[in-house]
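One structure below.
The values are calculated or read from the model by the stated rules, or taken from the named source; none is laboratory data. Since we're looking at a predicted model, the values are computed, not measured. Note: ideal-geometry Cβ built from the backbone for every residue, glycine included; neighbour counts use all protein chains shown. The protein model used for the area step is the full one, side chains on, heavy atoms only, and it has no ligands, DNA or RNA in it. Shrake-Rupley method; radii C 1.70, N 1.55, O 1.52, S 1.80 Å.
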Amino acid sequence: MDTGLTTTLIVIGVVVVVLVVIGIYLWVTYNALVTLKGRVDSAWSDIAVQLQRRADLVPTIVDTVHRYATHEKSVFEAVAKARTETLRADDATQASVAEGHMQKALKSVFSVAEGYPQLQSSQEFLQLQTELVDAEDKIQSARRSYNGGVRELNTKIKVFPNSSFAKSRGFHEASFFETNEASAIAEPPRVQF
């Protein structure tokens, strides 16, 4: 066999192997990004369900407290506004802002409730409080899962050489679900009776 032909075949073989390796890398990277994006979307869906669950509970809590504290109109209006903002949030950034407002509003409601011993001993109010604490715990759990997925996705998108490939395929960094009120997330509204 001619050495020129052998060299050409070796070069073609090396190019084919390099192209196959690059193709496999791109395929694996794309699938990993799709999987991570799916996980982030699923985790966001879990957050949305828990936020809706809490939002459904809030009017009942407000009505219960309002029966005892009718003069606290501004507190109840703040809760209604925060609830509407939570329900209208379309993404993690908007939901983060709404979450801070909701936490402040709920703390205000429970502060008002502390001034009414009959309300504090009401079985209905105690049950609602338990359900709210459960909803808050589930929101925190879903938030941790979501933020973990966002962290992985964002890291995968940022690292080289994934960064140029990911952006060309329409993958973008996701926003974390956070709140400006760190203490509100660390400790959901709880009232000790």
## Note on the structure
Given (1) modelled with pLDDT under 90; (2) under 24 Å from residue 24 (Cα atoms), residue 117 misses just (2)
### Task
Please work out which residue is surrounded by the fewest Cβ atoms within 10 Å (Cβ to Cβ), limiting yourself to the range 46-96 and to residues that are of a type in the set (Lys, Arg) and farther than 22 Å from residue 150 by Cα.
73
### Query
So, in the range 148-169, of the ones that are open to solvent by 50 Å² or more (accessible area, probe 1.4 Å) and either of a type in the set (Gly, Ala, Ser) or part of a helix (DSSP H, G or I) (or both), which residue ends up modelled with the lowest pLDDT?
164
### Query
Just wondering, is there one or more residues in the range 10-27 that are open to solvent by 50 Å² or more (accessible area, probe 1.4 Å) and either assigned to a loop (DSSP other than H, G, I, E, B) or within 30 Å of residue 143 (Cβ to Cβ) (or both)?
no
### Message
Given the criteria open to solvent by less than 70 Å² (accessible area, probe 1.4 Å) and within 30 Å of residue 109 (Cβ to Cβ), does residue 32 qualify?
### Response
no
### Message
Against the definition (charged (D, E, K, R) and farther than 24 Å from residue 117 by Cα), how does residue 73 come out, yes or no?
### Response
no
### Query
Of everything in the range 42-71 that's outside any loop (DSSP other than H, G, I, E, B) and of a type in the set (Gly, Ala, Ser), which residue is nearest to residue 102 (Cα to Cα)?
55
